[in-house]
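A.B. asks: Attaching a single structure in structure tokens format; questions to follow.
The values are calculated or read from the model by the stated rules, or taken from the named source; none is laboratory data. Worth saying up front: this structure is predicted, and the values here are computed from it rather than measured. Quick reminder, even Gly has a Cβ in these numbers, built from the backbone with ideal geometry, and neighbours come from all protein chains shown.
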2 protein chains.
Amino acid sequence: MAAPDARPSSAGPPPARSLLLPLLLVLLLAAYSLPADSAARPSSNSNPRPAFTPPLLKRHQLRRPSSSSAELVAGPANASTKPFTAHYFPQLLDHFAFTPNASTVFRHKYLLNDTFWRRPGAGAGDDGPGPLFVYTGNEGDIEWFATNTGFMFDIAPTFGALLVFIEHQFYGESKPFGNDSYRSAETLGYLTSTQALADFAVVIRGLKRDLGAEAAPVVVFGGSYGGMLASWFRLKYPHVAIGALASSAPILQFDHITPWSSFYDAVSQDFKSESSNCFGVIRAAWDVLDERGATDKGLLDLSKLFRACKTVKYAYSIRNWLWTAFTYTAMVDYPTPANFLENLPAYPVKEMCKTIDAFPAGADVLEKAFAAASLYYNYTGDQACNKIEDGDDPHGLDGWQWQACTEMIMPMTISNESMFPPSAFSYDDRSDECFQSWGVRPRPHWITTEYGGYKIDKVLKRFGSNIIFSNGMRDPWSRGGVLKNISSSIIALVTEKGAHHLDLRSSTKGDPDWLIEQRRQEVEIIQGWIDQYHQDMAETSS
Amino acid sequence: MAAPDARPSSAGPPPARSLLLPLLLVLLLAAYSLPADSAARPSSNSNPRPAFTPPLLKRHQLRRPSSSSAELVAGPANASTKPFTAHYFPQLLDHFAFTPNASTVFRHKYLLNDTFWRRPGAGAGDDGPGPLFVYTGNEGDIEWFATNTGFMFDIAPTFGALLVFIEHQFYGESKPFGNDSYRSAETLGYLTSTQALADFAVVIRGLKRDLGAEAAPVVVFGGSYGGMLASWFRLKYPHVAIGALASSAPILQFDHITPWSSFYDAVSQDFKSESSNCFGVIRAAWDVLDERGATDKGLLDLSKLFRACKTVKYAYSIRNWLWTAFTYTAMVDYPTPANFLENLPAYPVKEMCKTIDAFPAGADVLEKAFAAASLYYNYTGDQACNKIEDGDDPHGLDGWQWQACTEMIMPMTISNESMFPPSAFSYDDRSDECFQSWGVRPRPHWITTEYGGYKIDKVLKRFGSNIIFSNGMRDPWSRGGVLKNISSSIIALVTEKGAHHLDLRSSTKGDPDWLIEQRRQEVEIIQGWIDQYHQDMAETSS
């Protein structure tokens, strides 16, 4: 192993790539809250390293997006077995302006599966063609989301549904400026949620026209940020979609609607609920890590302990690596084995805590933390070493960093009761960081201006209809979701043991009864929307 | 009088300014439909003049907007008596992008009247502060609309309401690029309805915060295009406004929702309902006009007959001048004297037809048409001559031409049964004309994609709430409005004898009972929204 280079040639921000490794959209959000307080914490590192900073990548640190050829994402689907076909729609860059730039047209990717579709025509029956079930893509390659949304495939036969998965602009193959899309604010400036929603409306309308399926009802589905988009789409485009299943959609994680510490309190609660020893070990690990990482010798030892492929240069890289493991594992604390972010066993938080609790009481706290994190990164045991500072992003989620610097300002703090080191949040700091990194200032109150959120129960009690907000309380994002019914048709389906958009995953033999029941309810409600739609359409206009 | 210059030096499009004279927003829309068929009609003019073309102004023909100083609009309000104060909000140019340009900030004008407002604080009573009644400004100086929306002033005392009138971006004093705002598509490209709605949301939120009135309910009001904006605002921003009064809002005048001939059929019906002779005279006038205007001598005679201040160069200038008079008079066929577009008597269509019918049967058809049109342009008799080819636009409505070339594509045709010459509509022609004039292509189906419209009764039957669509059937725009109740709280209030947003005008002593009743219903419904809001707020969240 090469000697560690403990003296970075530049005092600029650290790469902090490890935090991006598994990068669920949400991860980055969460990660953003970490650093704010770091200035107040004593630096235990003797090297002139910057304090633990948020995973704000410098532009030049962003990987260039892959070429627009149909590169396959990781996952069970491959060229021969993929259950969808890829298509491209000529999409407008900017729906809300008519400047010369706005009318730029790009290839907007979407996926189709028509295996079970009841097509328009003679055989379509009294109710006409089967519905369109449309996934409102979030911040990554659409094929990855399609691959992890087996629920739609599972229920398509019952409904005779056409499945459509629409990629979010600026992700995957849907990059308006090709390889230059992430170049600067001049290009990335068009990456917004509002444009994405308008894109979806345009694609759906165009697709229905091309298929002769104008009469077919549309239901939108989405998980996480995609779930936010699904619920917002139903609210903003009720004439396009008759209903939305918004799974694990933290639409209330903005402004002061949800307590800022709720996310990390929930992560901590997940671990504490399994074992207070487990919680305590993780809580104790951070200071030990800082202390040992304060010297070059310490970093070398840590690199060995954490089986780093290359000697780590910064203690906070390990910190990020651990942080990611614990946070994401809480999110995907599924009741069955799954391979969404990483390959994991059923109830992985419980498994992590078992691992920690199996150590003798006096064992090294970092050894315990490493063993727990290894469950996340290397459950199958096929990783000879860990890419702690040079991980890559297989799902093309980099654009989220831009979104977290523009619209998606979800303030997060870490309370003293958490198993993570306390941390504050500052709008000003975020703004300065974003300006430094991207030349852009966030509009921190835009999301609640555009989509609402405050007093949502009052606002939507007499407005809107046909939305399911599903949440699993093991998922820390659930705290920013809609957890109570708002009206007779804006429904919250909450499972105590569920995790991040668990309901959208394929059913498996090991599914617990409460999950089977949650999905059954979803099918029943969606069927009700469709039946109502057909009834309404059959009535003569008054 | 100087000899007419019947040989234009250029074969380019005619100025066609006369059509812009009184320019209600809607006028331009209507005017757009006129020319399409003209190519098929025999040209009776021997000069190489372009056929009757739509009032698409060339950029260089657009008057420069007035300076940003507070220039007063015409109307009853003057500096000493204006019932509002002007304010300016630092507004974002583009809410839907984060490009460097998007973050340009401009001075966004709004008006306030707090005379009757029940302010936040001890005296506000159990229900907190009085509501905000917000006018969602349309395509012109906001002071003009405020001056012509006396209904809001009339009802403010009853509600203890704060009155707010927000100017539409790119109109009046709210020009993001000052005098350069209309320079090209680079600047005008940001003039869109979606930006305007977002502007309104931002201003309202900021205003409520600054006034400490977060708890105050907001009701939006608007007439014509402003009414379209009000209804769309309620649909898109239900968390900002609890309800909308959308008066004479032709939100269904797009795509193929409303028959394309309905507007001019309705104008014709207005005149026919008064007198079939009147209808026949106007119907006969167009061919006679073309015939006589085909020679220089004829144009000179016509200039005298129509008392033109300068000899007219094109017969279609007179055609536009007449067209405007008949069309606008139908729109503002109010039951009481009014001075919205021009100073007019009560029931002006009836008066026009009386004028026509008073002529002996054998009189010159153009003399009759001129006399009728003079009622519109010169009811007070103070105009010594008519500015037929060099009229100006006192209300700053020029930007509507841009909107009619981008989003506001309302196809209109003229049927054989109309009193106007038959005319078709072509999307391609409109697109080419717009490209030629502005370098922009319309997005003709965008409005229905963004806001809906097809099957609106089905879509909103179970979605949305608290909108009043008021229409008067004398107003040809009513045909593109919502004329039937959609749900228990999305209500159509239709008066057979009403005209263009008549209900929004100040009450007068001469108001007929049906108008008094319509306004009473509006007040009752709005009071119901506010009461419901306070009830909902008082309930503990479930």
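A.B. asks: If the requirement is being surrounded by fewer than 18 Cβ atoms within 10 Å (Cβ to Cβ) and hydrophobic (A, V, I, L, M, F, W, C), which of these qualifies: B:ALA338, B:ALA371?
C.D. replies: B:ALA371
A.B. asks: Conditions first: (1) in contact with a Leu (Cβ under 9 Å, 6 or more places away or on another chain); (2) surrounded by 24 or more Cβ atoms within 10 Å (Cβ to Cβ); (3) within 11 Å of chain A (Cβ to nearest Cβ); (4) assigned to a loop (DSSP other than H, G, I, E, B). B:PRO238 passes all but one, so which condition is the exception?
C.D. replies: Checking B:PRO238 against (1) in contact with a Leu (Cβ under 9 Å, 6 or more places away or on another chain); (2) surrounded by 24 or more Cβ atoms within 10 Å (Cβ to Cβ); (3) within 11 Å of chain A (Cβ to nearest Cβ); (4) assigned to a loop (DSSP other than H, G, I, E, B), the one that fails is (2).
A.B. asks: Still on this structure: Based on what the data block shows, is B:ASP475 in contact (Cβ under 8 Å) with a residue 40 or more places away in the chain and farther than 18 Å from B:ALA244 by Cβ?
C.D. replies: So B:ASP475 passes the test.
A.B. asks: Kindly indicate the residue of the range A:177-213 that is assigned to a loop (DSSP other than H, G, I, E, B), over 22 Å from the mean Cα position of the chain (by Cα) and modelled with pLDDT of 95 or more and also surrounded by the fewest Cβ atoms within 10 Å (Cβ to Cβ) among those meeting that condition.
C.D. replies: A:GLY212
A.B. asks: Out of the residues in the range A:152-173 that are under 25 Å from the mean Cα position of the chain (by Cα) and surrounded by fewer than 24 Cβ atoms within 10 Å (Cβ to Cβ), state the one that is farthest from A:VAL219 (Cα to Cα).
C.D. replies: Filtering first and then ranking leaves A:GLU173.
A.B. asks: Quick one: B:SER470 ticks every box in (1) within 11 Å of another protein chain (Cβ to nearest Cβ); (2) closer than 27 Å to A:THR540 by Cα bar one, so which box is it?
C.D. replies: Tallying (1) within 11 Å of another protein chain (Cβ to nearest Cβ); (2) closer than 27 Å to A:THR540 by Cα, B:SER470 fails exactly one: (1).
A.B. asks: Looking at (1) assigned to a helix (DSSP H, G or I); (2) of a type outside the set (Val, Ile, Thr); (3) out of contact with any Asp or Glu (no Cβ under 9 Å at 6 or more places or on another chain), which is the one condition that is false for A:CYS278?
C.D. replies: Of everything listed in (1) assigned to a helix (DSSP H, G or I); (2) of a type outside the set (Val, Ile, Thr); (3) out of contact with any Asp or Glu (no Cβ under 9 Å at 6 or more places or on another chain), A:CYS278 misses just condition (3).
A.B. asks: While we're on this one: Being within 14 Å of chain A (Cβ to nearest Cβ) and of a type in the set (Phe, Trp, Tyr), is that true of even one residue in the range B:213-223?
C.D. replies: No, because not a single residue in the range B:213-223 is within 14 Å of chain A (Cβ to nearest Cβ) and of a type in the set (Phe, Trp, Tyr).
A.B. asks: Would you pick out the residues in the range B:227-243 that are among the hydroxyl-bearing types (Ser, Thr, Tyr) and closer than 13 Å to B:ILE490 by Cβ?
C.D. replies: Answer for the range B:227-243, where residues must be among the hydroxyl-bearing types (Ser, Thr, Tyr) and closer than 13 Å to B:ILE490 by Cβ: just B:SER231.
A.B. asks: I'd like the residue in the range B:479-510 that is of a type in the set (D, E, K, R) and buried (at least 18 other Cβ atoms within 10 Å of the Cβ) and, out of all such residues, is nearest to B:VAL267 (Cα to Cα).
C.D. replies: B:ARG479
A.B. asks: With the structure loaded, tell me whether A:PHE263 is at pLDDT 95 or above, surrounded by 23 or more Cβ atoms within 10 Å (Cβ to Cβ) and assigned to a loop (DSSP other than H, G, I, E, B) or whether it fails that test.
C.D. replies: no
Table: residues versus (1) away from every other protein chain (no Cβ under 11 Å); (2) at pLDDT 95 or above.
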{"position": "B:ASN378", "(1), (2)": "yes, no"}
{"position": "B:GLN401", "(1), (2)": "yes, no"}
{"position": "B:MET408", "(1), (2)": "yes, yes"}
{"position": "B:ASP429", "(1), (2)": "yes, yes"}
{"position": "B:TRP438", "(1), (2)": "no, no"}
{"position": "B:VAL459", "(1), (2)": "no, yes"}
{"position": "B:PHE463", "(1), (2)": "no, yes"}
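A.B. asks: For the range B:399-406, does any single residue satisfy the condition of being surrounded by fewer than 19 Cβ atoms within 10 Å (Cβ to Cβ) and out of contact with any helix residue (DSSP H, G or I) (no Cβ under 7 Å at 6 or more places or on another chain)?
C.D. replies: No - not one qualifying residue is present in the range B:399-406.
A.B. asks: Go over the candidates B:PHE279, B:PHE254, B:PHE263 one by one and state the one that is within 14 Å of chain A (Cβ to nearest Cβ), over 30 Å from B:GLY528 (Cα atoms), touching a Ser or Thr at 6+ places or on another chain (Cβ under 8 Å) and aromatic (Phe, Trp, Tyr).
C.D. replies: Every option except B:PHE254 fails the conditions.
A.B. asks: Looking at the range A:191-219, I want the residues that are of a type in the set (Asp, Glu) and have a partner that is assigned to a helix (DSSP H, G or I) and surrounded by fewer than 24 Cβ atoms within 10 Å (Cβ to Cβ) with Cβ atoms under 9 Å, at least 6 apart or on another chain. Which pairs are those?
C.D. replies: Close Cβ pairs satisfying both conditions: A:GLU214/A:ARG205; A:GLU214/A:LYS208.
A.B. asks: Do we have A:TYR190 as in contact with a helix residue (DSSP H, G or I) (Cβ under 6 Å, 6 or more places away or on another chain) and under 16 Å from A:GLU407 (Cα atoms) here?
C.D. replies: Criteria not met by A:TYR190.
A.B. asks: Can you tell me how many residues in the range B:112-155 are hydrophobic (A, V, I, L, M, F, W, C) and over 18 Å from B:TYR225 (Cβ atoms)?
C.D. replies: Qualifying residue count for the region: 9.
A.B. asks: Quick one: B:LYS455 ticks every box in (1) among the basic types (Lys, Arg); (2) within 14 Å of another protein chain (Cβ to nearest Cβ); (3) in contact (Cβ under 8 Å) with a residue 24 or more places away in the chain bar one, so which box is it?
C.D. replies: The failed condition is (3).
A.B. asks: Would you confirm whether any residue within the range B:511-523 is under 22 Å from B:LEU460 (Cα atoms), in contact with a Gly (Cβ under 6 Å, 6 or more places away or on another chain) and surrounded by 16 or more Cβ atoms within 10 Å (Cβ to Cβ)?
C.D. replies: Within the range B:511-523 (the criterion being under 22 Å from B:LEU460 (Cα atoms), in contact with a Gly (Cβ under 6 Å, 6 or more places away or on another chain) and surrounded by 16 or more Cβ atoms within 10 Å (Cβ to Cβ)), the answer is no, since none of the residues qualifies.
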